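The values are calculated or read from the model by the stated rules, or taken from the named source; none is laboratory data. Not measured: the values here are computed from a predicted model. Here the Cβ positions follow ideal geometry from the backbone for every residue, glycine too, while neighbour counts run over all protein chains shown.
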Amino acid sequence: MLREVMRGLSTTLKSMFEKPVTVQYPEVKRPVKTRYRGRHHLQRYENGLERCIGCSLCAAACPVDAIFVEASENTDEERYSPGERYASTYEINMLRCIYCGYCADACPTQAIVMGDDYELSFTDRVQAIYTKEMLLDPVPEGGQPTPQQTEPGKYTRAVPEMEDPQ
């Protein structure tokens, strides 16, 4: 009996002098792994146009039906993306999302990517639905916000400077 107590006490004393593995979370944040899939982001081109063309392939690839996309037509007076269409409504229900990454894999323009944000908390269900405005990245340096006015016929064909270098 005394032997077991002494063995337990020695384990306790030994662990008292080891370096703790606890991280003081709100103040110190651990870096995430390179392949971590966190909060979604909708990317833009360098000139400020949105990459999303409203094709809904991400919504079709989503196994839990968490993504809703509604497309509208681009005009030369109001241009949101270089294609014929753009996503006028883009919503992700984060309560349904299982962070599988199928939406990012299915996107032909690399418009939706999985970021490394992991601090996602909601106090009600309405906050869990991320809208296009919440997901869209800010306008890059030197770009213009959307909608943009463009010269007629500029984006009727593939534009070389808009292609992704990857």
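So is G143 of a type outside the set (D, E, K, R) and more than 15 Å from the chain's Cα centre (by Cα) or not?
Details: of a type outside the set (D, E, K, R): yes; more than 15 Å from the chain's Cα centre (by Cα): yes.
Judged against the criteria, G143 is a match.
Restricting attention to the stretch 11-50, the residues being within 30 Å of Y90 (Cβ to Cβ) and part of a loop (DSSP other than H, G, I, E, B) number 16.
Condition test on P145, is it in contact with a Phe, Trp or Tyr (Cβ under 7 Å, 6 or more places away or on another chain) and part of a loop (DSSP other than H, G, I, E, B)? Quick ask: steps written out before the conclusion?
On the way: in contact with a Phe, Trp or Tyr (Cβ under 7 Å, 6 or more places away or on another chain): no; part of a loop (DSSP other than H, G, I, E, B): yes.
Spelling it out, it is not the case that P145 is in contact with a Phe, Trp or Tyr (Cβ under 7 Å, 6 or more places away or on another chain) and part of a loop (DSSP other than H, G, I, E, B).
For the stretch 88-117, the tally of residues that are part of a helix (DSSP H, G or I) and more than 11 Å from the chain's Cα centre (by Cα) stands at 3. With respect to the conditions (1) acidic (D, E); (2) under 21 Å from M134 (Cβ atoms); (3) assigned to a loop (DSSP other than H, G, I, E, B), D76 lacks only one, and its number is (2).
Beta carbons closer than 6 Å, at least 6 apart along the sequence or on distinct chains, pair a first residue in the stretch 121-146 that is over 16 Å from Y90 (Cβ atoms) and of a type in the set (S, T, N, Q) with a second that is surrounded by 13 or more Cβ atoms within 10 Å (Cβ to Cβ) and at pLDDT below 95 for Q144/G48.
Restricting attention to the stretch 118-139, does a residue exist that is part of a loop (DSSP other than H, G, I, E, B), touching a strand residue (DSSP E or B) at 6+ places or on another chain (Cβ under 9 Å) and within 23 Å of K33 (Cα to Cα)? Yes.
Considering each of R79, R85, R7 in turn, give the residue that is at pLDDT below 95 and touching a Gly at 6+ places or on another chain (Cβ under 7 Å).
Answer to the selection: R85.
Of all the criteria given as (1) of a type outside the set (S, T, N, Q); (2) in a loop (DSSP other than H, G, I, E, B); (3) more than 24 Å from V126 (Cβ to Cβ), the one not satisfied by G8 is (2). Within the stretch 91-131, the residues that satisfy the criterion of being of a type in the set (G, A, S) and at negative phi are A104, A106, A111, G115, S121, A128. Report yes if C62 is under 16 Å from the mean Cα position of the chain (by Cα), farther than 16 Å from L135 by Cα and buried (at least 17 other Cβ atoms within 10 Å of the Cβ), otherwise no. Considered against the rule, which asks whether it is under 16 Å from the mean Cα position of the chain (by Cα), farther than 16 Å from L135 by Cα and buried (at least 17 other Cβ atoms within 10 Å of the Cβ), C62 comes out as yes.
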